[in-house]
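Contents: one structure, followed by commentary.
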Amino acid sequence: MYQYLYILCSIQYFPLTFGGLFSTDTVEFKDATCRYRDLFFNSYYYPKGECKRVQCHALTKTLTVETCLSKPTRETCTLTKESDAKKGNFPLCCAVYTCNNQDIYFGMTTTYSADSAAVITPLGWVETSSHWEAKTLYIPTIPEIGECAKEVEGLKFVNHLLGSKCNEVQCKSGESYATVRGCPILDRSIHKCGFINLGTEAAKYPECCPLYTCPPSGSASSLNSRKCSYRVIVAYKAVGG
């Protein structure tokens, strides 16, 4: 299953929810339709007046919200162009930073998902049961998909910007940029999750990410035979860190 969460036990499934750490926008799924706030759609949505992209993947009960992210002050990048929400066309409406002579748009991706333990409303809508964030870079590249991936993978400073060598590079036809997504953010002080290992460094994304075990709904509890282990992709420990 391609998602950012991998269940490693089959005894019982507990959804990993992130409480009040992230946004609480209403997200629900039904058939081939997603609900985001008060909007119902089944593909892409670009909110008017915002530099944001919302993508619906109803069949897998996932929805992603991509937003701009200000460059962390510790990075050695310079602001080249301010963000312009009126321009639309995410992520090209985000601010442009130049890092090592490479233009980059910084973003954050919030992924909402529903699992088999999710609540179903009286009207048949499936409520989201977990959501997490991952730092994302959008890097202008040459148009050929094969060359795009090679070009981005050769930019070693990308690992520094994401805080990890474990990341996913996506190049799509018709897009003038590559998307490089890091590991989802997990604040262990909030979720009470226990660290297991650093993951397999030589493995592909997401298996190269750290492994944690988390109690039901992120609350504290002792280890027992009915608690599942989750592979959580972690780029850094705190939002905006």
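A few notes on this one:
- Qualifying residue in the range 41-57 (condition: at pLDDT below 90 and among the hydrophobic types (A, V, I, L, M, F, W, C)): no
- Among the residues of the range 11-40, the one identified as in contact with a strand residue (DSSP E or B) (Cβ under 9 Å, 6 or more places away or on another chain), hydrophobic (A, V, I, L, M, F, W, C), modelled with pLDDT under 50 and farther than 14 Å from residue 128 by Cα is 21.
- Selection of the range 61-114 for residues being under 17 Å from residue 175 (Cα atoms) and among the basic types (Lys, Arg) yields only 87.
- Among residues of the range 109-133 that are under 14 Å from residue 54 (Cβ atoms), those with a beta-carbon under 7 Å from a residue that is modelled with pLDDT under 85 and aromatic (Phe, Trp, Tyr) at least six positions away or on a different chain give the pairs 110/22; 111/4; 111/132; 131/18; 131/22.
- Filter result (hydroxyl-bearing (Ser, Thr, Tyr) and part of a loop (DSSP other than H, G, I, E, B)) within the range 130-146: 141
- Listed by position, the strands (runs of 3 or more DSSP E) enclosed by the range 19-129 that each have at least 3 residues that are closer than 19 Å to residue 177 by Cα and not hydroxyl-bearing (Ser, Thr, Tyr) are 52-57, 62-68, 102-113.
- A single entry from 138, 112 fulfils the requirement of being over 22 Å from residue 210 (Cα atoms) and surrounded by 21 or more Cβ atoms within 10 Å (Cβ to Cβ): 138.
- Test result for residue 72, at pLDDT below 90 and either within 30 Å of residue 29 (Cα to Cα) or not β-branched (Val, Ile, Thr) (or both): yes
- Top-ranked residue in the range 36-58 [being within 16 Å of the chain's Cα centre (by Cα) and under 18 Å from residue 138 (Cβ atoms); ranked as surrounded by the fewest Cβ atoms within 10 Å (Cβ to Cβ)]: 55
- Near pairs, Cβ below 7 angstrom, 6+ apart or cross-chain, from the range 173-198 (basic (Lys, Arg)) to any residue that is modelled with pLDDT of 85 or more and not in a helix (DSSP H, G or I): 181/109; 181/134; 181/136; 181/167; 181/168
- Every residue from the range 147-159 that is assigned to a helix (DSSP H, G or I) and without any contact (Cβ under 8 Å) to a residue 40 or more places away in the chain: 147, 148, 149, 150, 151, 152, 153, 158, 159
The values are calculated or read from the model by the stated rules, or taken from the named source; none is laboratory data. Everything quoted here is computed from the prediction, not taken from an experiment. Because the Cβ atoms are built from the backbone with ideal geometry, glycine has one as well, and the counts that use them run over all protein chains shown.
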